[in-house]
Each structure stands twice: as structure tokens, then as C-alpha cells.
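The structure appears right after this line, and notes come after that.
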Amino acid sequence: MRWALTVAVLCAGPPDPRAIDRLAAEVTQLDGRADHEQAASPRRPAASLERAHAILAKLAARGTPSQTLQMDEAALGISASELAHRSVIKLSGEAWIHVSRVSIQDKAGTYTSERLTLYLRRGGAWASHGYGQAVK
């Protein structure tokens, strides 16, 4: 999918299932491209992961934060981490985004690594359909 079309889909009202499917395909493609980019460059996170993060962040802004984090993470098959600030954003009954933020401290300062993972329910089972990552 071209970037202009992606932005148009993200800005056009509430997310519909077809738009989410198209964006899931693009995020999965970007996720796959990240392995090649990371092998070729020391840059972390890879540019494709940052692009996927931007797409998922825009999509998550149109969702509803979950009030039942532990139950939702269990449904997704995610084990709880005390080191990360986590949340689940519900786009629909069939599409959720899991958000995980971790603070990193080193000699240069403190940073936040944020990972957004898209989960879609197909046939009653949840499956990951790619992720995006950014360091702030």
C-alpha cells in the first residue's frame, strides 16, 4: 500500500474491517522488511519498524483503551511484565493493539521504547499481525 493511501485510510472516520485488513497487510510487510534492514544497518529500531509504529499509533488513537488489561493480555497470550507500562487499545471486537512502553537508562540519558503490536481475531483465535517500534 502506498503511504498516501495509508494516511487517507487512517484519517477517514472510524476504522472499518477492510481498512484494518489493508493496514494489517502493510504492517506485516514492514515487520518482515525490518529483519533485512537490521542485518544491513546498526540503526535501531529499523526505519520500517518506525513507519509501522506511526501507522499503528494513528490507528490506536481511534480506538478505546481497555479497562480489563490482565484479562485482555491473557486472551492475546501475553504474559504480564512488571518492567513495562502496558495497555490494550480496542479498535473493534476483532482488532486490538497491544502497547508496551519500557524506560531505558544509560550514560547518555533516559529513553522510552514503545512497541505497538496489532492483533486480529480470526476463527476465534487471536494472532499477531506485525508490530512497530519507536524510541523517544
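The values are calculated or read from the model by the stated rules, or taken from the named source; none is laboratory data. Source: prediction; values computed, not measured. With ideal geometry, Cβ positions are generated from the backbone for all residues, glycine too; neighbour counts draw on all protein chains shown.
Per-structure values
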read-out: Top-ranked residue in region 66-112 [being in contact with a Pro (Cβ under 8 Å, 6 or more places away or on another chain) and without any contact (Cβ under 8 Å) to a residue 24 or more places away in the chain; ranked as nearest to Lys136 (Cα to Cα)]; value: Ser87
read-out: Among the candidates Glu82, Glu94, residue that is surrounded by 11 or more Cβ atoms within 10 Å (Cβ to Cβ) and not hydrophobic (A, V, I, L, M, F, W, C); value: Glu94
read-out: Top-ranked residue in region 73-94 [being of a type in the set (Asp, Glu) and assigned to a loop (DSSP other than H, G, I, E, B); ranked as farthest from Leu120 (Cα to Cα)]; value: Glu82
read-out: Residue ID - farthest from Pro17 (Cα to Cα), chosen from residues in region 58-112 that are within 12 Å of the chain's Cα centre (by Cα) and among the small types (Gly, Ala, Ser); value: Ser100
read-out: Failed criterion for His98 (all others in (1) at pLDDT below 95; (2) on the phi < 0 side of the Ramachandran plot hold); value: (1)
read-out: Region 24-72, subset of a type in the set (D, E, K, R) and more than 17 Å from Glu114 (Cα to Cα), residue surrounded by the fewest Cβ atoms within 10 Å (Cβ to Cβ); value: Asp35
read-out: Which numbered condition Pro45 misses (of (1) assigned to a helix (DSSP H, G or I); (2) within 17 Å of Tyr131 (Cβ to Cβ); (3) at pLDDT below 90; (4) of a type outside the set (D, E, K, R)); value: (1)
read-out: Residue satisfying all of: in region 113-128; basic (Lys, Arg) and surrounded by fewer than 16 Cβ atoms within 10 Å (Cβ to Cβ); modelled with the lowest pLDDT among these; value: Arg122
read-out: Among residues of region 69-113, those that are among the acidic types (Asp, Glu) and in contact with a helix residue (DSSP H, G or I) (Cβ under 6 Å, 6 or more places away or on another chain), counted; value: 0
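For every residue, the table says whether it meets (1) under 22 Å from Val135 (Cβ atoms); (2) modelled with pLDDT under 85; (3) of a type in the set (Gly, Ala, Ser); (4) assigned to a strand (DSSP E or B).
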{"residue": "Ala24", "(1), (2), (3), (4)": "no, no, yes, no"}
{"residue": "Arg51", "(1), (2), (3), (4)": "yes, no, no, no"}
{"residue": "Gln105", "(1), (2), (3), (4)": "yes, no, no, yes"}
{"residue": "Tyr111", "(1), (2), (3), (4)": "yes, no, no, yes"}
